[in-house]
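Can you read through this structure? Questions will come right after.
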Amino acid sequence: MRFVHANSTVSGGGVAEILQSLVPLMNSLGVQTERLVVSPDDPEFFQVTKRIHNLLQGAQGSLSEQESEVYYRCVGEVAKEIDSRGLEADVWFFHDPQLLPMASLMPKRNGEVRFWVCHIDLTAPNAGVLQELTPLTQHFDGLAFSLPEFVPSAINGHPPHYITPPSIDPLTDKNRPMEKEEALGIVAAMGLDPNRPLVTQVSRFDYWKDPWGVMDAYRWARKSVPGIQLALLGLSQAADDPEALGVLHSVKDYASGDPDIHAFFYPDDLPDSIDRIVNAFQTASVAVLQKSTREGFGLTVSEAMWKGQPVIGGNVGGIKTQIEDGVNGFLVSTPEECGERIVHLIRDESLRLQMGDAARESVRQRFLLPRLAVDYLRAAQSLIA
Ligand code: UDP
């Protein structure tokens with residue numbers, strides 16, 4: 001059997017993060033697996049697909065005729081190229097809306113099984129755009145979603161769908177245990193004070209990650225804990241996300257020169273690898289936040305929980321499936337609530353440790369990479385003739 005996983009960026013963002021570990025794992029299990037990065041030349045493609053991503057997560061508006069033309073033309077060109085290069089697979093996984101038109105545009109070979117894997121939060125999509133794009137799912141043999149509530153009702157069992165939430169690789173530099181001392185050393189090398197409490201959110205600079213709400217929460221908590229510092233770590237930007245720079249500028253404006261708000265974006269002159277820097281901030285923080293307003297899953301939540309951190313997360317999408325409120329973290333709906341929980345965790349060290357143990361254990365049971373590999377194998381097995 002030969003598997004191919006196709007997505008639209010080499011690095012940056014959760015899907016690239018999963019595939020860079022999943023592909024070697026599958027090969028080491030004896031399943032020949034390849035990664036295909038589909039990146040059309042037309043720069044407008046990622047503008048359009050980012051808009052589709054936003055619309056499917058609930059933004060207002062609609063797709064113009066010109067945007068649809070770019071979308072289908074670019075995916076069509078890639079489909080043709082795959083076909084003309086004779087790239088073959090028994091099982092294809094096309095990840096995310098960027099590649100949703102692929103099955104309708106790529107000639108199907110005998111016996112091939114094709115999945116569309118949707119990693120985004122479809123809790124409250126833009127109804128018009130969802131209706132427009134849902135027929136594209138019908139050309140696949142199977143669909144995969146992170147949560148049952150993301151499955152559009154119009155699919156109605158055809159084709160079959162699978163629920164496979166993402167998972168993290170515990171063996172990467174990002175997720176291997178790091179001593180607190182070493183983590184604090186890296187945090188200091190990044191310009192923060194290792195002796196003052198640190199609050200971190202690790203996220204692309206993206207509207208749905210709510211960096212403004214994170215800053216409000218920090219300001220709220222600072223009234224009770226005057227020395228705290230905030231890190232917004234957005235070093236791994238994805239090539240398919242053209243909005244990041246605009247969000248970064250807005251974040252900088254909103255920070256209004258506060259020297260204790262550290263927003264990291266440019267990956268130059270870093271004291272260590274990005275993976276180890278993420279690890280260090282997740283390990284050294286007194287509170288890790290993921291205050292998204294929409295989230296397909298949020299690998300960053302499991303990454304921090306794996307390090308024994310009770311994460312404070314937005315009460316949305318995939319975050320709700322990872323955090324059990326008050327048991328292994330906190331779910332919050334407003335910046336004030338988030339700020340209160342930061343103070344709570346800083347003041348109650350024993351609660352923090354106890355919830356952190358529960359956090360690590362729940363990731364161990366539910367969100368490590370072998371589980372995802374098995375989910376994909378089972379889904380493929382159920383459709384292979
Ligand atoms: N990430 C990173 N460096 C950063 C910011 C993010 O390596 O500065 C990684 C993060 O650790 C996680 C991935 O990017 O592995 C983001 O995945 P997630 O599912 O949280 O969100 P997405 O970006 O896919 O919306």
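Taking the stretch 284-339 on its own, how many of its residues are charged (D, E, K, R), assigned to a helix (DSSP H, G or I) and out of contact with any helix residue (DSSP H, G or I) (no Cβ under 7 Å at 6 or more places or on another chain)?
Residues flagged as charged (D, E, K, R), assigned to a helix (DSSP H, G or I) and out of contact with any helix residue (DSSP H, G or I) (no Cβ under 7 Å at 6 or more places or on another chain) within the stretch 284-339 amount to 2.
Separate question: Inside the stretch 361-383, can you point out the residues that are in a helix (DSSP H, G or I) and buried (at least 18 other Cβ atoms within 10 Å of the Cβ)? Quick ask: steps written out before the conclusion?
Here is the first cut: in the stretch 361-383, the ones in a helix (DSSP H, G or I) are 361-366, 369-383.
The answer is Ser362, Val363, Leu369, Leu372, Ala373, Tyr376, Ala379, Ala380.
Let me ask something else. If only one of Val301, Val286, Val311 is without any contact (Cβ under 8 Å) to a residue 60 or more places away in the chain and closer than 24 Å to Ala188 by Cβ, which one is it?
Values: Val301 fails: closer than 24 Å to Ala188 by Cβ; Val286 fails: without any contact (Cβ under 8 Å) to a residue 60 or more places away in the chain.
Being without any contact (Cβ under 8 Å) to a residue 60 or more places away in the chain and closer than 24 Å to Ala188 by Cβ holds for just one of Val301, Val286, Val311, which is Val311.
Moving on. Output the residue which, of all residues in the stretch 163-184 that are part of a helix (DSSP H, G or I) and buried (at least 17 other Cβ atoms within 10 Å of the Cβ), is farthest from the ligand (Cβ to nearest atom).
Just the residues of the stretch 163-184 that are part of a helix (DSSP H, G or I), to begin with: 180-184.
With the extra rule that they be buried (at least 17 other Cβ atoms within 10 Å of the Cβ), the set shrinks to 183-184.
Working: Ala183: 15, Leu184: 18 Å.
This residue is Leu184.
Next up: Considering every residue within the stretch 213-227, establish whether at least one is touching a Leu at 6+ places or on another chain (Cβ under 6 Å), away from the ligand (no atom under 16 Å from the Cβ) and within 27 Å of Leu56 (Cβ to Cβ). Don't jump to the end; show me each part of the working.
Here is the first cut: in the stretch 213-227, the residues touching a Leu at 6+ places or on another chain (Cβ under 6 Å) are 214, 218.
If we keep only those that are away from the ligand (no atom under 16 Å from the Cβ) as well, we get 218.
Narrowing further to those that are within 27 Å of Leu56 (Cβ to Cβ): none.
Checked the stretch 213-227: no residue is touching a Leu at 6+ places or on another chain (Cβ under 6 Å), away from the ligand (no atom under 16 Å from the Cβ) and within 27 Å of Leu56 (Cβ to Cβ).
So, one more: Which of the residues belonging to the stretch 7-48 are crowded, with 20+ Cβ neighbours inside 10 Å, within 16 Å of the ligand (Cβ to nearest atom) and part of a strand (DSSP E or B)?
Residue satisfying the conditions is Asn7 alone.
Can you confirm whether Gln354 is within 16 Å of the ligand (Cβ to nearest atom) and of a type outside the set (D, E, K, R)?
no
I'd like to know if the stretch 261-277 contains one or more residues that are in a loop (DSSP other than H, G, I, E, B), among the β-branched types (Val, Ile, Thr) and either out of contact with any Ser or Thr (no Cβ under 8 Å at 6 or more places or on another chain) or more than 15 Å from the ligand (Cβ to nearest atom) (or both). Walk me through it before giving the result.
Initially, the stretch 261-277 is screened for residues in a loop (DSSP other than H, G, I, E, B), giving 265-273.
If we keep only those that are among the β-branched types (Val, Ile, Thr) as well, we get none.
Within the stretch 261-277 (the criterion being in a loop (DSSP other than H, G, I, E, B), among the β-branched types (Val, Ile, Thr) and either out of contact with any Ser or Thr (no Cβ under 8 Å at 6 or more places or on another chain) or more than 15 Å from the ligand (Cβ to nearest atom) (or both)), the answer is no, since none of the residues qualifies.
Going by what's in this entry, would Asp253 be described as charged (D, E, K, R), assigned to a loop (DSSP other than H, G, I, E, B) and modelled with pLDDT of 95 or more?
Judged against the criteria, Asp253 is not a match.
Looking for whichever is at pLDDT 95 or above, in contact with a helix residue (DSSP H, G or I) (Cβ under 7 Å, 6 or more places away or on another chain) and acidic (Asp, Glu) here; the options are Asp216, Asp240. Which one fits? If you could, list the steps in order and put the result at the bottom.
Working: Asp240 fails: at pLDDT 95 or above.
When all the criteria are applied, what remains is Asp216.
The values are calculated or read from the model by the stated rules, or taken from the named source; none is laboratory data. If you're wondering where the values come from, they're calculated on a predicted model, not measured in any experiment. Cβ sites come from the backbone with ideal geometry, for glycine too, and all protein chains shown count toward neighbours.
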